[in-house]
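Take a look at the structure below.
The values are calculated or read from the model by the stated rules, or taken from the named source; none is laboratory data. All figures in this text were calculated on a predicted structure; none of them were measured in a lab. FYI the Cβ positions are ideal-geometry reconstructions off the backbone, even for glycines, and counts take in every protein chain you see. With ligands, DNA and RNA removed, areas are computed over all heavy atoms of the protein, side chains included. Shrake-Rupley method; radii C 1.70, N 1.55, O 1.52, S 1.80 Å.
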Protein chains: 2
Amino acid sequence: LTKNHISLVLTLDSMNPNVRRVEYAVRGPIVQRAVQIEKELREGVKKPFTEVIKANIGDAHAMGQKPITFFRQVLALCSYPDLLEDNKFPEDAKKRARRILDACGGHSIGAYSASQGIECIRQDVARYIEKRDGGIPSNPDNIYLSTGASDAIVTMLKLLVCGEGRDRTGVMISIPQYPLYSAALADLGAVQINYYLDEDKCWGLDVTELRRALNAAKQHCKPRVLCIINPGNPTGQVQSRECIEDVIRFAKEENLFLMADEVYQDNVYAKGCKFHSFKKVLFEMGPEYSSSLEMASFHSTSKCYMGECGFRGGYMEVLNMDPEVKAQLTKLVSVRLCPPVSGQAMLDLVVNPPLPDEPSYASYLKERTAVLAALAEKSHLTEEMFNTVPGITCNPVQGAMYTFPRITLPQKAIAKAQEEGQAPDMLYCMKLLEEEGICLVPGSGFGQKEGTFHFRMTILPPTEKLKVVLQKIRDFHLRFTQEFS
Amino acid sequence: LTKNHISLVLTLDSMNPNVRRVEYAVRGPIVQRAVQIEKELREGVKKPFTEVIKANIGDAHAMGQKPITFFRQVLALCSYPDLLEDNKFPEDAKKRARRILDACGGHSIGAYSASQGIECIRQDVARYIEKRDGGIPSNPDNIYLSTGASDAIVTMLKLLVCGEGRDRTGVMISIPQYPLYSAALADLGAVQINYYLDEDKCWGLDVTELRRALNAAKQHCKPRVLCIINPGNPTGQVQSRECIEDVIRFAKEENLFLMADEVYQDNVYAKGCKFHSFKKVLFEMGPEYSSSLEMASFHSTSKCYMGECGFRGGYMEVLNMDPEVKAQLTKLVSVRLCPPVSGQAMLDLVVNPPLPDEPSYASYLKERTAVLAALAEKSHLTEEMFNTVPGITCNPVQGAMYTFPRITLPQKAIAKAQEEGQAPDMLYCMKLLEEEGICLVPGSGFGQKEGTFHFRMTILPPTEKLKVVLQKIRDFHLRFTQEFS
Ligand SMILES: Cc1ncc(COP(=O)(O)O)c(C=O)c1O
Ligand SMILES: Cc1ncc(COP(=O)(O)O)c(C=O)c1O
């Protein structure tokens, strides 16, 4: 064995060091332990609970949310076109399926598509954006379909990273952040520039903080990119129009490429909050901005009311991109041939749902409205409940699918975690998992101000189950506080 | 505009230089021109032909091949489970669909799966491999499902690349190669080490040539990886058992990580040829090899008899991988959450098709056999036809889906191409496209011995159309030769 081991080609020491540096907490040790516990339960091991509730990931269907019927009818028709003869399927579903199939090589979703995505779907995306943004034009040539938003975000970052040493590209990301960003930056060997969201102002973004972070970073790298997530993951914050204007002005002044992650664009629950796309605000600020700021914005089939994560559908729209660079982008995406065609089809339905005069409109609207209403209810419930617990404070869940409450941990618990070389909120979440079967992600996985502790919980469990979860976390928190004081 | 341009964040000069170096001929300038020509035809522009025939890419459905009915029935059932109540669907299709849905979060293919892939599908893959390899055990923990084989290949290469300067990882790839490899190596900044296949020996691989290439490369990099494609793309070669043994011995002696791209494992047509998996040969060489050689092998839903490219299904099996590195691999794939679930479902059907006692067996077998028989016929037809043309010589298409004939180009054509800064076979293919509407990929996109010229053509067009294509290429070749002499 030793002899073998000495001669291994690929070891921790000889692997890509950037990959080693990658961290991805949303599927980290907590989740691995949760999967183990589920197995133990199935094998009859006795636990203080009968099921693991996974509130660690924004995966709506896994939490019992039902897909939009119309979307799945079209997908079935595309998969098995013999069903086009079946009169159980509504005409509008058949129409959509025929249109998608006509745009596929050999009329099959089993053919590779153009690498940038099927042209008529890119046209539908452009029309969707135009409608969303009150008529501001969108060019299908600027749309790139992708394998989930993840793929497009990583591709865009890859294009942007260059230079060595002090010239290495710096990328500004919020703290707390969605850890895809830090993972991609580690993988690419780019410099991560943290700007902190203000927990005391409902996780608001302040340009003063952006400027502080940028100026500090200029000492050791070349800041070129600013990433924004709105509505926010894990914060649940929805940015105001003024805030977005400030960000755009800042990006322009500082010559930054703007990446706007807007995968939660339909997930807005709080009164007085509204989703404003960066693109719309950019154009409304006038040609001085709209004709020069380089930007990419991202959307996905995974979130909003549809929650179709498994289909890995998504797109990005690029604006003011140098045509030569765009050609390079097109070349780059062609290496992996194309995004999954069923994901492209799903995206087409998201951007081109039934119209008011079509037979499936009523059921589509009903299903969509029910999902969004339930999410809104759960966002309020979560905030209210957590704020009754001494030692937990929680900002309103204005949008997205998460709450990121702050937890006060007893000194003894912090000391114990440090002894064990663990983040204190990891200790907390691991204990919660072992004792209550609830799977959350510790705040340390997203980044947080030094000395503060949080966890991220999705608001996706069905209302009745969510109430149980909240109650259990409450009980656990009180017990934990007592145990360590 | 000039002012704008000066201040652009992202330009050719300031973008990722590795991405700039990426080339991907299968979807390069020829294909872009083909798409344009198609548009022109639709707009009524007169051409010497009425349609563009795309023989540039291994995309079976786009060439009219029909999907396997059973596979698509299951996909429709998974997409829209209400159909499980429909008695038009056979019981075995329903059984497969139920099994897949039961393994999905919330019984929906819209949920994210485990990042490594759905567990029961990984089990099915392992059983498939065991059956294929005559009982040699396969562990589902070693299976990673992927977004097409492309994704797994790039991921594996990424893991393997490290070091700077003379310590930079070198990766051996065949010339001619499938350009995913050179593209991924450019992107990762790894060193590409070319070994040449022997056109005079039916594109055979010779260990002497591997050794020559390796020793030369040791002067300037650290060779750590050997990539093999069998059956070969673009060569159509099928490796003999002896050849595979030699390669394995070489990899072990030289301490190389072996990557075996076996996406064409069912595509073998020539008499006396047989597919041998690297894993099977490795194990039959005894524990000295099987317990230590580090290896990954790749498969896909895109090729063989099913040709389901758009689903982006695939897997890799890793062998003798350091468990710590495997943990890193699992972490890395988790960043993109999961491969498309419908692609995973498609893969499940490929590795677990109807059994002889199930109702869909007969139709499955019939459809599968018909596709493979037609491909075999077309492989022979292509070889025979090309070898009747003076100035074209063509090895037998033993397997895969391509022919890579050598073309003799007149000196004047070579000179003209060089004047225009173009590869001579690019000039040839571009002219063929403009004059005959046939889209091929020039040999220069795959690599070839200095001073030789080739093109790659798929054998996928339906037989009658293929005959026309071959005839047109023949006529064109004669005309081209005359024109430039
Ligand atoms: C902010 C944000 N961006 C991007 C993604 C990626 O989603 P997908 O790749 O499924 O589209 C997520 C997923 O949770 C997210 O929360
Ligand atoms: C040799 C080889 N490997 C890998 C691939 C990638 O195929 P996919 O990503 O569709 O599975 C191809 C596609 O043509 C190929 O020819």
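Computed with a 1.4 angstrom probe on protein heavy atoms, the B-A interface buries about 7600 square angstrom of accessible area in total.
Just grab the label-to-label distance for residue A:370 and residue B:12, each label 7 Å out from Cα along the Cβ direction, in nm (one decimal). About 5.6 nm, to one decimal. Accessible area per residue was computed with a 1.4 Å probe on protein heavy atoms; residue A:330 scores about 40 Å².
Largest first, the residues A:485, B:113 sort by 1.4 Å accessible area into A:485, B:113. Set the Förster distance to 45 Å, then compute FRET efficiency between residue A:291 and residue B:388 from the Cβ-Cβ distance, nearest 0.05. Efficiency at R0 = 45 Å is approximately 0.15. Could you please report the charge total around residue A:133, scoring K, R as +1 and D, E as -1 over all other residues with beta-carbon less than 10 angstrom from its beta-carbon? It works out to a net charge of +2. Straightening the chain between residue B:86 and residue B:377 buys 100.9 nm, computed as 0.36 nm per residue apart minus the Cα-Cα spacing.
In nanometres and ascending order, the distances from the residue B:139 label point to those of the other copies are 5.3 (point 7 Å from Cα along Cα→Cβ).
Backbone amide hydrogens, once placed in the peptide plane, bring residue B:454 within less than 5 Å of B:407, B:443, B:444, excluding anything fewer than 5 places away on its chain. Dipole size of the range B:112-351 about its Cα centre, with +1 on Lys/Arg Cβ and -1 on Asp/Glu Cβ: approximately 220 debye, rounded to the nearest 20.
Computed from backbone phi, the HN-Hα couplings of the range A:181-195 come to 5, 5, 5, 5, 5, 4, 4, 7, x, 8, 8, 8, 10, 8, 10 Hz, rounded to whole numbers (Karplus: 6.51 cos²θ - 1.76 cosθ + 1.60, θ = phi - 60°; Gly and Pro given as x).
Shape class of the range B:32-78 from the alpha-carbon gyration tensor: prolate, with a/c at 1.5 or above and a/b greater than b/c.
Among A:7, B:115, the order of accessible area from largest down is A:7, B:115, computed with a 1.4 Å probe on protein heavy atoms.
Taking a quarter of the surface of the Cα convex hull of the range A:366-476 gives a mean projected area of 7.1 nm².
Per-residue shielding of B:80-91, expressed as the average number of other chain Cβ atoms within 10 Å of the residue Cβ, stands at 3. Here the extension length gained between residue B:361 and residue B:139 equals 77.2 nm, from 0.36 nm per residue of separation less the Cα-Cα distance. Phi angles of the range A:397-406 translate, via the Karplus equation with coefficients 6.51, -1.76, 1.60 and θ = phi - 60°, into HN-Hα couplings of 8, 6, x, 6, 9, 9, 10, 10, x, 8 Hz per residue; Gly and Pro are given as x.
What number, rounded to the nearest 500 deg cm²/dmol, is the helix-based mean residue ellipticity at 222 nm of chain A, given -39500 (n - 2.57) per DSSP H run of at least four residues and division by all its residues?
Details: 18 runs with 211 residues, N = 485.
Taking each H run of at least 4 residues, the total per residue is -13500 deg cm²/dmol.
Computed about the Cα centre, the dipole magnitude for the range A:140-213 is approximately 180 debye when only Lys and Arg (+1) and Asp and Glu (-1) carry charge, each at its Cβ. A crude spin-label estimate for the pair residue B:249 and residue A:422, with each label 7 Å from Cα along the Cβ direction, gives 5.3 nm. Going by a ≥ b ≥ c, the root eigenvalues of the Cα gyration tensor, does the range A:177-319 fall in the rounded group (a/c under 1.5), the prolate group (a/b larger than b/c) or the oblate group? Verdict is rounded for the range A:177-319. Shown is the FRET efficiency for residue A:66 and residue A:408, computed with R0 = 35 Å from the Cβ-Cβ distance and rounded to the nearest 0.05: 0.40.
Comparing A:181, A:50, A:399 along the charge dipole axis of the protein assembly as shown, the residue lying farthest to the positive side is A:181, per the Cβ-charge model.
For residue B:164, inter-copy separations between label points set 7 Å beyond Cα along the Cβ vector come to 0.6 nm, shortest first.
Coupling constants for the range B:344-356 follow from the phi torsions by the Karplus curve (6.51 cos²θ - 1.76 cosθ + 1.60, θ = phi - 60°), and in residue order they are 5, 4, 4, 4, 4, 6, 4, 8, 9, x, x, 8, x Hz; glycine and proline get x. If the limit is 32 Å between Cα atoms, which of A:431/A:465; A:158/B:47; A:303/A:465; A:271/A:449 go over it? From the list (A:431/A:465; A:158/B:47; A:303/A:465; A:271/A:449), the Cα-Cα distance tops 32 Å for A:158/B:47.
Relative contact order for the range A:64-108 using alpha-carbon pairs under 8 Å, separation at least 6, rounded to a whole percent? It would help to have the intermediate numbers written out before the result.
Working: 24 pairs, mean separation 16.8, N = 45.
Result for the range A:64-108 is 37 percent.
Going by a ≥ b ≥ c, the root eigenvalues of the Cα gyration tensor, does the range B:48-147 fall in the rounded group (a/c under 1.5), the prolate group (a/b larger than b/c) or the oblate group? Here the range B:48-147 falls in the oblate category. Site pair residue B:483 and residue A:242 shows an inter-label distance of 6.8 nm when each label is modelled 7 Å from Cα along Cα→Cβ. Taking a sphere under 10 Å around the Cβ of residue A:480 and counting the other residues whose Cβ falls inside, with K and R at +1 and D and E at -1, yields a net charge of -1. In whole Å, how far is the Cα centre of the range B:147-195 from that of the range A:253-331? Here the answer is 32 Å between Cα centres. Annotation for residue A:39, label-to-label distances across the other copies: 5.3 nm (shortest first, one decimal, point 7 Å from Cα along Cα→Cβ). Using only Cα coordinates, the Kirkwood hydrodynamic radius of chain A works out to 23.9 Å.
Quote the relative contact order of chain B in percent (integer), defining contacts as alpha-carbon pairs under 8 Å separated by 6+ residues. Averaging sequence separation for qualifying contacts and normalising by length gives 21 percent for chain B. Charge tally around residue A:364: other residues with Cβ under 13 Å, Lys/Arg +1 each, Asp/Glu -1 each, net +1. For the range A:112-351, the average shadow cast by the Cα convex hull is 12.3 nm², which is a quarter of the hull's surface. Computed from the C-beta positions of residue B:47 and residue A:207 and an R0 of 60 Å, the FRET efficiency is 0.60 to the nearest 0.05. Sparsely packed loop sites in the range A:405-485 (the trypsin sites (Lys or Arg not before Pro) outside DSSP H, G, I, E and B with at most 15 other Cβ atoms within 10 Å) comprise A:449. A viscosity of 1.567 mPa s and a temperature of 4 °C, combined with the Kirkwood radius over Cα pairs in Stokes-Einstein, give a translational diffusion coefficient for the protein assembly as shown of 44 µm²/s. In this structure chain B gives 37 Å² per residue of accessible area when probed at 1.4 Å with all protein chains present.
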